[in-house]
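Read-outs throughout are calculated quantities, based only on the coordinates presented, and are distinct from any laboratory measurement. None of the values given here were measured: they were computed from a predicted structure. Virtual Cβ from ideal backbone geometry, glycine too; neighbours counted across all protein chains shown.
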Amino acid sequence: MDVDKVTALISAAGIELTDRRRNGTDDGWSLSFSNGAVVEVRDNGEISHSGKGAEAVARLLGQP
Amino acid sequence: MRTKSVVVLCASSVFIGAFGPVLAAENGPGPKVYSGKGAADDLARIDTVVVIYAENRSFDNLYGSFPGANGVAKASASTRLQRDRDGKPFRELPPVWENLTAKGVTPPVTQAETEHLPNHPFYLDDPKGFKLSYGTITHDLWHRFYQNQMQINGGRNDKFVAHADSGALVMSLWDGSKTAMWKVAQKYVLADNFFMGGFGGSFFNHQWLVCACAPTYPNADTNPAKPSIAVVEPDGVTLKEAANSPKSAMEGIPKYVSDGNLTPDFYAVNTMQPPYQPSGNDPAKDGDKAYADPAKPTTLPPQLEPTIGDMLSLKRITWAWYGGAWQDTLDHGYKSPVPNFQFHHQPLNYYASFAPGTAARAEHLRDGGLAGTEFIKAIDDGKLPQVSFYKPQGDLNEHSGYADILSGDSHIADVVAHLEKSPQWPHMLVVVTYDENGGLWDHVAPPKGDRWGPGSRIPAIVVSPFARHGYVDHTPMDTTSILRFITRRFELPTLHGITVRDTAIAAHGQKPLGDLTSALVLKDK
């Protein structure tokens with residue numbers, strides 16, 4: 001899943017994208033959302049999430 | 001009264017700096033609307049004001065078929081017709097990208113089922129169409145500062161689809177006639193010429209409700225927020241498209257060089273997080289647990305502009321902002337899908353005047369309770385302050401993507417029913433409105449105002465024993481009309497943004513924006 005697809009799936013649920021930038025190691029994107037979730041989408045396709053709304057975005061992305 | 005206000009302001013050194021803009025506005029050019037003492041005497045019949053602030057519906061989306069209103073049937077053919085980004089009319093609407101219904105809705109309405117819709121508005125509850133109910137959660141839509149202006153397209157309202165992330169969905173409507181609030185609107189006053197105070201989304205419009213101002217992020221170009229600065233064409237309204245952006249809305253969602261939260265001159269116009277908890281951003285490691293980490297790029301610095309709350313406090317008028325699920329979120333953290341507290345829907349939590357530990361915070365930022373229970377208790381007990389703002393929790397606010405219409409509409413109608421039975425009802429004015437259009441099309445051109453708005457048309461219902469019962473009010477108004485009423489009723493100093501808006505509206509030769517009194521009958525009552 002690429003960064004645009006991740007953004008579209010989460011935004012469709014009314015969770016607004018509030019920040020999008022290359023991550024600190026420049027191997028992917030760091031996305032922030034209005035519910036406090038931070039989603040890392042690496043260029044190799046790996047996705048991780050953290051922050052207050054992490055569980056909600058994990059559900060939307062079909063992740064544990 | 002004006003002189004008295006200035007004396008009070010000058011008596012407090014704390015206030016002098018904070019209220020500088022107000023003093024400037026009082027003494028500066030522009031309309032002086034609120035000087036009539038007689039008017040205030042009439043308005044004194046109202047001693048309790050309640051503002052209920054729902055989410056994300058355009059007027060046409062929910063009330064476009066209301067009898068006597070300027071609804072969808074009155075939309076010109078040119079406004080109903082949507083145009084692509086190159087200005088050419090669509091042959092058909094693009095599909096709703098990533099499905100029309102929200103994830104988890106069964107049965108879903110898939111993207112494929114939304115292909116080939118004709119180029120005009122359509123009803124989601126059409127029994128010959130999608131047959132959705134008010135209880136269905138649908139896909140969210142972009143509702144952002146620059147996109148809203150690009151969609152309005154100088155008042156033509158013909159680029160809503162072109163600058164959306166949800167394809168045809170922006171043209172969707174509901175026959176709202178079966179909702180509980182429709183009946184409330186029939187009984188009291190529906191304002192059909194009422195616009196959102198600012199362009200774009202919830203964050204910005206909540207700021208307009210309390211401050212009539214655009215928040216600022218000083219020196220944003222020298223701190224972590226720098227990548228959030230939008231890249232805009234010289235017209236100051238159009239986002240610069242990225243080289244890889246699809247040329248047509250039929251091919252996909254537009255892409256921009258930087259669709260950020262901040263204007264190039266550092267005003268915050270899209271969602272930023274509050275500097276205080278509850279905030280989407282956690283506290284800094286080893287930082288004050290009542291604060292959000294200020295180093296996070298989405299944490300807005302504390303704001304210093306005076307708000308309507310400051311003005312009310314200045315005149316010793318009692319008031320409160322009741323946030324649904326406020327205390328639950330402070331105590332137990334963010335939970336979804338219920339109550340799904342929205343951090344950026346609590347506008348006063350961005351202001352230094354209401355920082356953690358202040359007496360003002362303890363007095364004025366109150367818990368509305370889960371499902372509004374604390375707010376309803378205050379209503380039933382007759383203990384509402386003179387001015388109350390009520391923000392329903394997320395699942396009850398009618399926002400696309402995570403809330404349905406039925407839950408929020410029923411909840412708000414229930415709150416109104418409690419208000420009608422409250423001991424304070426005989427002298428009450430209630431305004432039920434929406435923060436913004438949620439990206440949904442509306443056919444009426446907003447009045448030409450200032451740089452910040454007004455944006456698209458939204459529903460507003462005025463409920464009061466003094467309301468013109470069964471009336472559709474065509475007076476031009478916007479979110480700041482609520483502040484105009486409060487300002488006039490309680491003889492407050494005028495917020496600077498209202499003065500600026502009045503001046504801009506007049507400069508464009510538009511009718512002055514109303515203050516809700518056109519919906520009321522105050523004499524001989």
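Counting only other residues whose beta carbon sits under 10 Å from that of residue B:442, what net charge do I get with K and R as +1, D and E as -1?
Value of the local net charge: +1.
Using a 10 Å cut-off around each Cβ, can you sort B:170, B:72, B:432 from fewest to most neighbouring Cβ atoms?
The most exposed by this proxy come first: B:72, B:432, B:170.
Please report Rg over Rh for chain B, where both radii come from the alpha carbon positions and Rh follows the Kirkwood definition.
Ratio of gyration radius to Kirkwood radius for chain B: 0.94.
Please compute the net charge surrounding residue B:99, taking Lys and Arg as +1 and Asp and Glu as -1 over other residues with Cβ under 15 Å from its Cβ.
The answer is -3.
Give me the Kirkwood hydrodynamic radius of the protein assembly as shown in Å, from all C-alpha pairs, to one decimal place?
Every distinct Cα pair counted, the radius reaches 24.0 Å.
Label 7 Å along Cα→Cβ of residue B:180; the stretch B:323-358 residues with amide nitrogen under 16 Å?
Counting backbone N atoms under 16 Å from the label point, the list is empty.
Hey, what did the stretch A:3-61 get for relative contact order, percent, Cα under 8 Å, at least 6 apart?
Here the relative contact order equals 26 percent.
Any idea how far the Cα center of the stretch A:1-29 sits from the one of the stretch B:463-525, in Å?
41 Å
Fewest to most neighbouring Cβ within 10 Å: what's the order for B:373, B:263?
In order of increasing Cβ crowding within 10 Å: B:373, B:263.
Pop the C-beta distance of residue B:42 and residue B:359 into the FRET formula with R0 = 30 Å and round what comes out to the nearest 0.05.
About 0.35, to the nearest 0.05.
Could you please state, rounded to a whole Å, how far the C-alpha centre of the stretch B:61-93 is from the C-alpha centre of the stretch B:272-301?
42 Å
Return the average number of partner chain Cβ atoms within 10 angstrom of each residue Cβ along peptide B:92-98.
Mean partner-chain Cβ count within 10 Å for B:92-98: 1.
Work out the mean other chain Cβ neighbour count within 10 Å for the residues of A:49-56 and drop it here as an integer.
So the per-residue partner count for this stretch is 4.
For an R0 of 60 angstrom, estimate the FRET efficiency from the Cβ-Cβ distance between residue B:383 and residue B:243 and round to the nearest 0.05.
So the FRET efficiency works out to roughly 0.50.
Taking other Cβ within 10 Å of each residue's Cβ, how do B:196, B:477 sort, fewest first?
The fewest-first ordering by Cβ neighbours comes to B:477, B:196.
Report the label-to-label distance for residue B:231 and residue B:131 in nanometres (one decimal), using points 7 Å from each Cα along the Cα→Cβ vector.
Modelled inter-label distance: 4.8 nm.
Calculate the length of the line joining the C-alpha centroid of the stretch B:214-247 to that of the stretch B:413-454, in whole Å.
The stretch B:214-247 and the stretch B:413-454 have Cα centres separated by 31 Å.
Which FRET efficiency value, to the nearest 0.05, do you get for residue B:112 and residue B:448 by plugging their Cβ-Cβ distance into 1/(1 + (r/R0)^6) with R0 = 35 Å?
Result of the calculation: an efficiency of 0.30.
Using only Cα atoms, what Kirkwood radius does the stretch B:257-409 have, in angstroms?
Evaluated over the stretch B:257-409, this radius sits at 16.5 Å.
If the reach is capped at under 15 angstrom between alpha carbons, list the aspartates and glutamates near residue B:448, excluding any in the same chain fewer than eight residues apart.
Candidates past the 8-residue exclusion: B:478, B:502.
When Cβ neighbours within 10 Å are restricted to other protein chains, what is their mean count per residue of peptide A:17-30?
That average works out to 3.
Using only the alpha-carbon atoms, what does the stretch A:3-61 span along each of its principal axes? Please give whole angstrom values in decreasing order.
Extents along the principal axes: 28, 18, 16 Å.
Which order do the peptides B:110-121, B:89-100 take when ranked by the mean count of other beta-carbon atoms within 10 Å per residue, highest first?
Top of the packing list down: B:89-100, B:110-121.
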